[in-house]
Amino acid sequence: MEYIYDKMRMAEYEEIYALWRSIPEVSLSEADERECIDAYLLRNPGQSFLCKADGRVVGTVLCGNDGRRAFLYHLAVCPAYRRRGIAAELVRLAIGKQKSLGIMKCAVFILDENDVGKRFWQHAGFTAVQEADTMAKNI
Ligand SMILES: CC(C)(COP(=O)(O)OP(=O)(O)OC[C@H]1O[C@@H](n2cnc3c(N)ncnc32)[C@H](O)[C@@H]1OP(=O)(O)O)[C@@H](O)C(=O)NCCC(=O)NCCS
């Protein structure tokens, strides 16, 4: 099967959003609505990727940086296409882009109960930050 990796573009937003909505581990919020994703992709151009197979979007990763650190979000692969290295390639592309921009550290938020997600990130060389908790506030 042919897998086509490409930069994420708004032209595919509906399909991308439908994929996210179909995957329980992807938690969606207002930040995932069309205008927010559009703004995110404009602010972080060419840094988020998707994978197509059989003419449809089967995998995504959102990635951007704040000038100091990169963050990865919504790494998601359609269940029928898992364990074929799609997520690993999406992450390779996203991290490669960040390195080319001079960013040397990359972080991801993983829900406590997401064991598969944790295994994936461990396999990709990510380690838990033992000495820190994440705190957040809606502003
Ligand atoms: C996590 C996820 C993106 C992995 O996608 P994928 O394309 O199947 O992953 P890959 O094929 O690139 O896997 C790479 C490696 O990760 C690990 N891995 C992936 N899925 C795994 C699983 N179900 N169990 C154990 N290890 C797993 C393996 O080490 C694997 O290498 P291997 O297949 O050679 O053993 C996919 O399962 C998914 O979409 N899950 C729901 C969304 C999610 O949890 N995203 C992460 C949120 S932070």
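FYI, it's all coordinate maths here, none of it is from the lab. All values derive from a computational prediction rather than experimental measurement. Positions of Cβ are generated from backbone atoms using ideal geometry, with glycine treated the same way; all protein chains shown enter the neighbour counts.
Values computed for the structure shown
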| item | result |
| --- | --- |
| Potential extension, Arg92-Asp54 segment - 0.36 nm per residue separation minus Cα distance | 11.5 nm |
| Under the Karplus curve 6.51 cos²θ - 1.76 cosθ + 1.60, θ = phi - 60°, whole-Hz ³J(HN,Hα) for segment 93-109, x wherever Gly or Pro sits | 5, 5, 5, x, 5, 4, 4, 5, 8, x, 8, 10, 9, 9, 10, 9, 9 |
| Charge context of Ser22, other residues only, Cβ under 14 angstrom, K/R +1, D/E -1 | -1 |
| Whole-Hz ³J(HN,Hα) from phi, Karplus 6.51 cos²θ - 1.76 cosθ + 1.60, for segment 122-139, glycine and proline x | 4, 4, 7, x, 7, 10, 5, 8, 5, 8, 9, 9, 8, 10, 8, 8, 6, 10 |
| Sequence-distant residues sharing a close amide H with Ala70 (under 5 Å, placed H) | Lys105, Cys106, Ala107 |
| ³J(HN,Hα), Karplus 6.51/-1.76/1.60, whole Hz, each residue of segment 41-48, x for Gly, Pro | 5, 5, 6, 10, x, x, 10, 10 |
| Net charge contributed by nearby residues that have their C-beta within less than 12 Å of Gly55 (K/R +1, D/E -1) | -2 |
| Enclosed volume per residue, in Å³, of the convex hull spanned by Cα atoms of segment 4-123 | 106 |
| Summed side-chain charge close to Val108 - residues other than Val108 whose Cβ falls under 12 Å, Lys, Arg +1, Asp, Glu -1 | +3 |
